[in-house]
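Here's the structure, in structure tokens; my notes come after.
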Amino acid sequence: MKDVQSLGIGTLVQIAETLESIVGRCFGPHGGQVLFTKATGEVLLTRDGKQIFTSLLLDHPVARVLVDCISVHCSVTGDGAKSFILLLSALLRGLQASVGKGTAGQTTCHRSLNRGKQVSHELRRVANCLLTFQTHVLEGIIQQHLGQHVTSLFSHDGRTTGKDKLQSIMEAYFCGKTGRAHCRLLSALACDYYFKCNCEGNRVGALSLICEHFSELHTTVTGLPVSSSQILEGLVLHRDFTVHCPTDGQLNIVVVTEPIQPSFSASGTTLHLGSDSQLQSCYSWISDRVEEMMNSLHQSQVKLLLSSVKQSDLVLSYAKLRGISVVECIEEDELALFCSCSGASPLASSSDVLQVRQEQLAGAEFCRPVLLGSHRYAHVRLLPQTVFAPHCLVLCGTVPGLSEQYVSAFHGAFCMLRRTCEPVDSRNLQGVFSNAPATAHVKGTHETLTNRSVKTTLEVVAVDDTNTDCPDPRCPVVEDLHSGCDSVDDEKQGGGPMTGDQRTFQEWLVDDKRNQLGSQSSSSNSHCCSVSDPDPPQSGFTCAVSNEHMVKRNSVCLINPVNVVLVNQCRVCFSDVAPGSSSRPGQSESLVEAGSMLPVGGSFEFLLQHYLKLYSTQSLHPDTKTACDLLAEAVLNIPRTIYRGKGTNRRFLQVYTEFKNEIQRKAQRKEGPVLYESVSCKYQLLLSVLQCLRTLVAADFLIHVGEKTLTVTERDSEDSDSFC
């Protein structure tokens, strides 16, 4: 077919390397800026990886899929766009080299015809082994070995956050997002905002509130230097006063969501007026009703009226007579945040104005106009009602592009901090393309992302988890990896409970050679998705997307030889261990403790590569060694890019050698002030990349659809019309 294009590993590598070359020069503390010139003449100068990728005009569907995956990952962790593509490119290159070695000996004509299919089988097999390796081996390495090197963001009791450590992790973050020029200034501003909002009282809840309502908690000012940024106590409502009556001292505030002035008739009815006197009587009744309502608010000491709709001139005139300020046409999200921080509930209807209850009143210390840049807003300082103390972050930038970059960096910094302050366990380690339950149904295009249940632009319907193309639990790799796990449900596994010693991860690591020698005799007969095998059963997951969505994606879809898999879809390989259960008995459920940090500059990658190589030398199974070697080599691409200078790896080799020597001596690096990065965000990066890798290698072809495909309903309707 002319519209069918083969999608091989070479194409994936080429696309990933193209994106890697774009962000490679702006990666790390010494990276530069990327200059975009739009068709409108607007110039964008940034080094934010997510903003760079989303600003590109990409034609290839695989490139758009990668950008979507990167955007979803950044929405969860607040950072990692450039590291995502660096790690994915290295994994694809290593996967291509590994598969090339396995099929290099095929020279005959008959084998050459089947080489493409065998390469596809091998790619899927290695990708599945990587996911299984992540669940049963990588988690143990992170918990047992990397946990010995981490530094906690909190004090020994875990109740307070060290200001110096918070400053160090924020400075490292802003250094990578905005550059070294203003990273200290921005990090100090972020730390001050964290403590002024009293986030220590309810750390995760306060950070979640900041991340979800950051657009309402900040104000952008263009035309001023970033040093003019400040923090205002209270809330800044992004509307000016329609009626402003200056007041002194404390005041009450009421929130309305409907017009106060009553209408002539109820909805759905008709008012018939027979004369002008009847019309004047209606106007008189409405005026008296409005006056009565405003007098009631005045008696309740209400000095500020916040409205989500526009009020009539009659209401505004009576409000001015009674000394009540009015701010109207406020966004619903701003009013929701105001009610959440003040503890007041909005009035359900206009008739409730006559009987305002105490729980519908919000107390404030002042309400006054504030001039920020060229705009005037309403500034309200609430009385303390909750643990969270709202503050407005005023971010300044000389040009719109810089101010947007600072806003994005601040939002991402608090998303990163929220992720760092939460412990990482097996329930939220399913990557950005899956949910914790194996029967989850995830769909949506612009859903809100949470740390527990990550909703993406995919639509995945999990029908049955017993016939997936994941490695069979009886194969040697999974049998050995499961030997230290709890027994799972017999019905899900299709057999009895798991047998073997209930060992810890360290004991399994020591005894791996002995068990492998005993299982080599059976490994020749029971193998897992080998190259010569046919396609694994595909009935485990059924992927379907509406035809309208295909047209939106430029009418391009990806297919494999059995089922149709669209660009924005993937088959998910779920862990055999039940969500929420510990895969290693006798250990804590948290794989990464809350507040875990490591020094920047490749410490996480160097440590992970060291322990992966150590694990590989003590394992005899080829699939385990392949997974270790692939991941160990791929993670080094991140520090290699950081220390790349003038096209050489001399600096990288020097740092890598020093780090290896310090690991062997069990010494710790002490070279001036240390900046830190989040361990949970780095580990989430590994999971997201592995899931994205599995999605890419699951497709074999690109199909270009020339016109919109009719659905069954549309086809039946068209047939009936033609029949008539």
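Just subtract the alpha-carbon distance of Phe36 and Phe195 from 0.36 nm times their residue separation and send over the number in nm, one decimal.
On the way: separation 159, 0.36 × 159 = 57.24 nm, distance 3.64 nm.
Full-extension gain reported as 53.6 nm.
What share of all Cα pairs of the stretch 158-291, in percent, falls into each consecutive 5 Å distance bin?
With 5 Å bins starting at 0, P(r) equals 2, 7, 10, 14, 13, 10, 7, 7, 7, 5, 5, 5, 4, 2, 1, 0.
What shape does the stretch 1-99 take by its C-alpha gyration tensor, where a ≥ b ≥ c are the square roots of the eigenvalues and a/c under 1.5 counts as rounded, a/b above b/c as prolate, and the rest as oblate? Present the calculation step by step, with values, prior to reporting the outcome.
Numbers: a/c = 1.97, a/b = 1.36, b/c = 1.45.
Verdict is oblate for the stretch 1-99.
Distance in nm between label sites at Glu359 and Cys245, each 7 Å beyond Cα in the beta-carbon direction?
Spacing of the two 7 Å Cα→Cβ label points: 2.8 nm.
Would you kindly derive the ³J(HN,Hα) couplings of the stretch 405-416 from the backbone phi angles with the Karplus curve 6.51 cos²θ - 1.76 cosθ + 1.60 (θ = phi - 60°), listing them in order in whole Hz, with x for Gly and Pro?
Coupling constants for the stretch 405-416: 5, 5, 5, 5, 5, 5, 4, x, 5, 6, 5, 4 Hz.
When you count, for each residue, the other Cβ atoms within 10 Å and take the mean per peptide, how do 657-663, 205-211 rank with the highest first? Show your work: numbers first, answer last.
Numbers: 657-663: 13.1, 205-211: 21.1.
Ranking the peptides 657-663, 205-211 by packing returns 205-211, 657-663.
Sort 44-51, 28-35, 680-687, 157-164 by packing, meaning the average of other beta carbons within 10 Å per residue, with the highest value first. It would help to have the intermediate numbers written out before the result.
Values: 44-51: 21.1, 28-35: 15.0, 680-687: 24.0, 157-164: 12.0.
By packing density, highest mean first, the sequence is 680-687, 44-51, 28-35, 157-164.
Taking H as built 1.01 Å from N, whose amide H comes closer than 5 Å to the amide H of Tyr676, not counting residues under 5 places away?
Ile169, Ala172, Val600
Taking the simple approach of a point 7 Å from Cα along Cα-to-Cβ for both Cys329 and Arg665, what is their distance in nm?
With each label point 7 Å from Cα toward Cβ, the separation is 6.8 nm.
Going by average Cβ density within 10 Å per residue, which order do the peptides 82-90, 364-372 take, highest to lowest? The partial results should precede the final answer.
On the way: 82-90: 26.2, 364-372: 16.7.
Descending mean neighbour count gives 82-90, 364-372.
Would you mind checking Lys82/Lys660; Lys165/Lys660; Lys165/Lys682; Lys613/Lys682; Lys50/Lys101; Lys165/Lys613 for any pair whose Cα atoms are more than 27 angstrom apart?
Working: Lys82/Lys660 25 Å; Lys165/Lys660 25 Å; Lys165/Lys682 18 Å; Lys613/Lys682 19 Å; Lys50/Lys101 35 Å; Lys165/Lys613 31 Å.
In this structure, Lys50/Lys101; Lys165/Lys613 lie more than 27 Å apart at Cα.
Taking 7 Å along the Cα-to-C-beta vector as the label spot, tell me the Glu233-Ser296 distance in nanometres, rounded to one decimal.
3.5
What is the dipole size for the stretch 143-289, taken about its Cα centre, with +1 at each Lys and Arg Cβ and -1 at each Asp and Glu Cβ, in debye to the nearest 20? It would help to have the intermediate numbers written out before the result.
Numbers: 10 positive and 13 negative charges, 140 e Å.
The dipole magnitude comes to about 680 debye.
Mind listing the long-range amide H neighbours of Gly595? Cut-off is under 5 Å, sequence gap 5 or more, other chains count too, H placed in the peptide plane at 1.01 Å from N.
Cys421, Glu422
Could you go through the stretch 358-363 in sequence order and give the Karplus-derived ³J(HN,Hα) for each residue, using 6.51 cos²θ - 1.76 cosθ + 1.60 with θ = phi - 60°, rounded to whole Hz, and x for Gly and Pro?
5, 6, 9, 9, 10, x
5 Å is the cut-off here: which amide hydrogens, built 1.01 Å from N in the peptide plane, fall below it relative to His218, excluding neighbours closer than 5 in sequence?
Amide H neighbours of His218: Leu393.
Would the stretch 291-422 count as rounded, prolate or oblate if I go by the C-alpha gyration tensor, calling it rounded below 1.5 in a/c and otherwise prolate when a/b exceeds b/c, oblate otherwise? Intermediate results must be reported in sequence, preceding the final value.
Working: a/c = 2.66, a/b = 1.72, b/c = 1.55.
Note, shape of the stretch 291-422 comes out prolate.
The numbers here are math on the coordinates, done by the rules we state, and not lab data. Predicted, not measured: the structure shown is a model, and the values here were computed from it. Cβ: placed from backbone, ideal geometry, glycine included. Neighbour counts: every protein chain shown.
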